[in-house]
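Student: Structure below; questions to follow.
The values are calculated or read from the model by the stated rules, or taken from the named source; none is laboratory data. Please read all numbers here as calculations on a predicted model, not as lab measurements. Using ideal geometry, Cβ is built from the backbone for each residue, glycine included, and neighbour counts are taken over all protein chains shown.
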Amino acid sequence: MSHTAPPRRTAPLRARAEIDLAALRANVRALRARAPRAALMAVVKSDAYGHGMVPCARAALEAGATWLGTATPHEALTLRDAGIQGRIMCWLWTPGGPWREGIEADLDMSVSGMWALEEVTAAAKEAGRPARVQLKADTGLGRNGCQPADWPELVAAARAAEEDGLVDVTGLWSHFACADEPGHPSIAAQLGVFHDMVDHAEKAGIEPEVRHMANSPATLTIPESHFDLVRTGIAMYGISPSPELGTPADFGLRPVMTLAASVALVKHVPAGHGVSYGHHYVTDAETTLGLIPVGYADGIPRHASGRGPVLVAGEWRRVAGRVAMDQFVVDLGGQRVPEGSEAVLFGPGDRGEPSAEDWAQAADTIAYEIVTRIGTRVPRVHLNEDPEAFETSGKHPHE
Ligand SMILES: *Cc1c(COP(=O)(O)O)cnc(C)c1O
């Protein structure tokens, strides 16, 4: 159990996100088996997609991940401050760095353009040691990364900086636009461009330790994209990158997060009673209403008003009316559920609860956004933090 979260069960919690680290480890092992010749980078950006960055990073390393990946340098430095060693790569830099801190923390730092190469070499000069740099190619995503036309200039400058002892190019990499749509023509096109850009860099004298392109959907469905390293995020948290590709179970994955709240009030109301702001729900008969004490400030999408599913007393209920900032209501259809009963918004499904994917569909979004946006007011309770304890008991707590 995490030391940062309040103790479970002893003090009932308004709401909590239970994070099953045994499931996360098993997911990492399943993903490694999918890409047996590649190393695995556990992508733990954005607080590990809302699951708690440091405990998730540790669990992923325990299960055989050898790289960690973050978007921002701040996230990467936070991992180092927590005492995590080994390779950490971060890719979303803005002018000003902090390049020097990145060099001193032994980060692998992505460079997509000349401005970044200039800043990182200047910082390396000041630090008196070379910077580990990975050159990012825009092979078609059209987001970050260096365009093919600008690549020769960036590669030549990086090579010159290597000669000067200021950088060490440890990787060449890129990112897919449509890896979650098998057969999409952009996949083969991006792979072709990546091969060309890698060839160019290697002919120019760059000797990358790792070449990499694959995110979760590519790791699961495009073996020819695995190269030396795969960068898995969402699948490691037990969520399918896209429902069209398959369920988590189809890939041997188990959802890591369970979001639950304690029913705060149950009351009888007459027929014709409006519920929540705007009265978009009106009871059609005398019934009972249950108050669920989480709202959009906790990351429950307001867009799922009238639709989001919750398991209460063994049955799926839908959000009645609008999701408010701190709470929403479910119609319990006359059932008298005791206050303090558990309402499960989503989880792995063992008890018949909805999934994060169900909430994504209720809110017209993707499950990535559902878990990532769970707010800081919801404590993360990390279960199965000790890998030994789990391995020897051999029994999953939900089994
Ligand atoms: C977030 C991210 C990933 C992980 O993507 P998933 O689809 O969650 O596996 C990989 N690479 C980059 C560059 C990313 O930004």
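Student: Return the only residue of 199, 138 being farther than 30 Å from residue 98 by Cβ and either within 16 Å of the ligand (Cβ to nearest atom) or at pLDDT 95 or above (or both).
Tutor: It is 199.
Student: Across the stretch 49-71, what is the number of residues that are small (Gly, Ala, Ser), away from the ligand (no atom under 11 Å from the Cβ) and either farther than 14 Å from residue 85 by Cα or assigned to a loop (DSSP other than H, G, I, E, B) (or both)?
Tutor: 5
Student: Restricting to the stretch 305-321, name every residue that is surrounded by 20 or more Cβ atoms within 10 Å (Cβ to Cβ) and assigned to a loop (DSSP other than H, G, I, E, B).
Tutor: 305, 308, 321 - these are the residues of the stretch 305-321 that are surrounded by 20 or more Cβ atoms within 10 Å (Cβ to Cβ) and assigned to a loop (DSSP other than H, G, I, E, B).
Student: Looking only at the stretch 37-48, how many residues end up being part of a loop (DSSP other than H, G, I, E, B) and away from the ligand (no atom under 11 Å from the Cβ)?
Tutor: 2
Student: Which one is surrounded by the fewest Cβ atoms within 10 Å (Cβ to Cβ) among residues in the stretch 269-278 that are over 10 Å from residue 329 (Cβ atoms) and in contact (Cβ under 8 Å) with a residue 40 or more places away in the chain?
Tutor: If we take residues in the stretch 269-278 being over 10 Å from residue 329 (Cβ atoms) and in contact (Cβ under 8 Å) with a residue 40 or more places away in the chain, then 278 is surrounded by the fewest Cβ atoms within 10 Å (Cβ to Cβ).
Student: I would also like to ask the following. Only residues in the stretch 202-225 that are within 26 Å of residue 156 (Cα to Cα) count as the first member; pair them with residues that are of a type in the set (Lys, Arg), Cβ under 6 angstrom, at least 6 apart or cross-chain, and list the lot.
Tutor: 204/159; 205/159
Student: Kindly provide the set of residues from the stretch 227-250 that are away from the ligand (no atom under 11 Å from the Cβ) and either buried (at least 21 other Cβ atoms within 10 Å of the Cβ) or in a strand (DSSP E or B) (or both), ordered by number.
Tutor: Scanning the stretch 227-250 gives 227, 238, 248.
Quick grid of which residues meet (1) in contact with a helix residue (DSSP H, G or I) (Cβ under 8 Å, 6 or more places away or on another chain); (2) among the small types (Gly, Ala, Ser); (3) modelled with pLDDT of 95 or more:
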residue	(1), (2), (3)
269	no, no, yes
279	no, no, yes
287	no, no, yes
301	yes, no, yes
304	yes, yes, yes
310	no, no, yes
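Student: Let me ask another. Return yes when residue 291 is under 16 Å from the mean Cα position of the chain (by Cα), more than 16 Å from the ligand (Cβ to nearest atom) and assigned to a strand (DSSP E or B) and no when it is not.
Tutor: no
Yes/no matrix, rows are residues, columns are (1) in a loop (DSSP other than H, G, I, E, B); (2) within 27 Å of residue 53 (Cα to Cα); (3) not basic (Lys, Arg):
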site: 343; (1), (2), (3): no, yes, yes
site: 348; (1), (2), (3): yes, yes, yes
site: 351; (1), (2), (3): yes, yes, no
site: 354; (1), (2), (3): yes, yes, yes
site: 360; (1), (2), (3): no, yes, yes
site: 365; (1), (2), (3): yes, yes, yes
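Student: Additional query: Could you give every pair whose Cβ atoms fall below 6 Å, whose first residue belongs to the stretch 172-190 and is in a strand (DSSP E or B), and whose second residue is more than 9 Å from the ligand (Cβ to nearest atom) and not hydrophobic (A, V, I, L, M, F, W, C), counting only separations of at least 6 or pairs across chains?
Tutor: Hits for this filter: 172/208; 172/211; 173/134.
Student: Check residue 264 against each of (1) out of contact with any Leu (no Cβ under 6 Å at 6 or more places or on another chain); (2) more than 16 Å from the ligand (Cβ to nearest atom) and name the one condition it does not meet.
Tutor: With (1) out of contact with any Leu (no Cβ under 6 Å at 6 or more places or on another chain); (2) more than 16 Å from the ligand (Cβ to nearest atom) applied to residue 264, the lone miss is (1).
Student: Do we have residue 220 as more than 29 Å from residue 123 (Cβ to Cβ), outside the structural domain of residue 56 (by TED's automatic domain parsing) and either among the basic types (Lys, Arg) or within 14 Å of the ligand (Cβ to nearest atom) (or both) here?
Tutor: no
Student: Moving on. Looking at 218, 201, which is the one that is in a helix (DSSP H, G or I), farther than 30 Å from residue 26 by Cα and of a type in the set (A, V, I, L, M)?
Tutor: The match here is 201.
Student: Can you give me the number of residues within the stretch 151-171 that are part of a loop (DSSP other than H, G, I, E, B) and in contact with a helix residue (DSSP H, G or I) (Cβ under 8 Å, 6 or more places away or on another chain)?
Tutor: 2
Student: Okay, moving on. Got at least one residue in the stretch 154-165 being touching a residue at least 24 places away in the same chain (Cβ under 8 Å) and within 29 Å of residue 35 (Cα to Cα)?
Tutor: yes
Student: Still on this structure: Condition first: at positive phi and more than 30 Å from the chain's Cα centre (by Cα). Now tell me which residues in the stretch 135-190 satisfy that.
Tutor: 165
Student: From the list 71, 65, 59, pick out the single residue that is buried (at least 23 other Cβ atoms within 10 Å of the Cβ), under 25 Å from residue 211 (Cβ atoms) and not assigned by TED's automatic domain parsing to the domain that holds residue 379.
Tutor: Criteria check complete, one pass: 65.
Student: Something else: Among 211, 254, which is the only one that is in a loop (DSSP other than H, G, I, E, B), away from the ligand (no atom under 13 Å from the Cβ) and of a type in the set (Lys, Arg)?
Tutor: 254
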